[in-house]
Amino acid sequence: MTEMAQFTSNVMLDQPLITHLYTADPSAHVFEGRIYLYPSHDRETDIVTTNDEGDHFDMVDYHIFSLDEVGGKVTDHGVALDLKDIPWASKQLWAPDAAFKNGTYYLYFPARDKNGIFRIGVATSQRPEGPFKAEPEPIKGTYSIDPCCVMDNDGQAYLYFGGIWGGQLQKWRTGSFDPKGKEPADHEPAIGPRVALLNDDMKSFKSDVQELIILDEQGQPLRAGDHDRRYFEGPWVHQFNGLYYLSYSTGNTHYLVYATSTSPLGPFTYQGRFLEPVLGWTTHHSIVEFKSKWHLFHHDSTLSGGQTHLRCVKVKELVYDEKGRIKILGTS
Ligand code: FUB
């Protein structure tokens, strides 16, 4: 199948959930019996060229949305957090995530600090839709982008994060920020997403940041040159049937793929691909169970006719086969 034919078949599958704003990177959670969506809010700016630094993704606030039913009305709860109210951030409010613990909702979000380095901040609210109040500093020890907060069955919360290229993960290979940092050579192990345990306050780390290893079918780490399978950005972790599923974007090959583990800290073993390229360069998603069905929330650029930085959120139903492999309902 040609790349254009793949785009066309996915474009036909569904419609944007939100059309009055451009939205992307949807993190979906079930709170208070409804689905809440925590997406990026894409916007038109005078930055018209795209680059590998992601300068064209120049977002300045977050809106939060909710749905009582998949396929039902989507409510826009308005601006929940604005760049001007985040003391440490300078620009680029990229893909967020949310969590709930002990009566408080937490919004995790990446932004560039005043030195142009991506960090991850946290903001709190008493309501899932906000408004959220940002902490004065980013979470100590964080870097890069795309936070995903997972509450394990024992109440321990984990923060996964990281993205290469514009997300700067390749600049942290030595453990500190190297502005000249590059991706590994093709034969070297690929860069993995990061994870750390959160303290009970949900605003600080109680462990060191650890790199997650993703193994191939031979038990060897995926290589950096394995662009169809190696990690790029957008980590999402969910549990099914006693396994942890780590799903992510392969970036420049535009797939959504997944790996599984018996531990939230891995190692994970690569399992397969569940979304082919969509219209647009980026692909980013979340997976959530709601009313006994599993759903993939993701984005493409159909609403803007294909503009990379002007995306729209969509939803598809996911199913698991008898071996626990995930696939999109209606696809082979
Ligand atoms: O929305 C900005 C960036 O694009 C996200 O952080 C990445 O995951 C990609 O979707």
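The values are calculated or read from the model by the stated rules, or taken from the named source; none is laboratory data. What you see is a predicted model; the values in this text were computed from it and never measured. Glycine gets a Cβ as well: all are built from the backbone with ideal geometry, and neighbour counts include every protein chain shown. Areas reflect the complete protein model, heavy atoms only, side chains present, ligands, DNA and RNA absent. Shrake-Rupley method; radii C 1.70, N 1.55, O 1.52, S 1.80 Å.
List of remarks:
- A count restricted to the range 75-96 and to residues that are more than 16 Å from the ligand (Cβ to nearest atom) and either in contact (Cβ under 8 Å) with a residue 60 or more places away in the chain or surrounded by fewer than 19 Cβ atoms within 10 Å (Cβ to Cβ) (or both) stands at 10.
- Residue that is most open to solvent (accessible area, probe 1.4 Å) [pool: residues in the range 24-45 that are away from the ligand (no atom under 15 Å from the Cβ) and not in a strand (DSSP E or B)]: Glu32
- Residue check, Ile214 modelled with pLDDT of 95 or more, within 18 Å of Tyr143 (Cα to Cα) and surrounded by 15 or more Cβ atoms within 10 Å (Cβ to Cβ): no
- Among residues of the range 236-249, those that are out of contact with any Asp or Glu (no Cβ under 6 Å at 6 or more places or on another chain) and within 16 Å of the ligand (Cβ to nearest atom), counted: 5
Conditions tested, residue by residue: (1) over 19 Å from Gly162 (Cα atoms); (2) not hydrophobic (A, V, I, L, M, F, W, C).
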residue: Val60; (1), (2): yes, no
residue: Phe65; (1), (2): yes, no
residue: His77; (1), (2): yes, yes
residue: Gln92; (1), (2): no, yes
residue: Gly103; (1), (2): yes, yes
residue: Phe109; (1), (2): no, no
residue: Thr124; (1), (2): yes, yes
residue: Gly130; (1), (2): yes, yes
residue: Lys133; (1), (2): yes, yes
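- Residue check for Gly330: modelled with pLDDT of 95 or more and more than 16 Å from the ligand (Cβ to nearest atom): no
- Residues that are open to solvent by less than 30 Å² (accessible area, probe 1.4 Å), within 30 Å of Leu310 (Cβ to Cβ) and not in a strand (DSSP E or B), drawn from the range 256-283: Pro277, Val278, Gly280, Thr282, Thr283
- Boolean, Ser286 is surrounded by fewer than 19 Cβ atoms within 10 Å (Cβ to Cβ), within 16 Å of the ligand (Cβ to nearest atom) and among the small types (Gly, Ala, Ser): no
- Residue count for the range 56-65, restricted to those that are assigned to a loop (DSSP other than H, G, I, E, B) and either among the polar types (S, T, N, Q) or away from the ligand (no atom under 11 Å from the Cβ) (or both): 1
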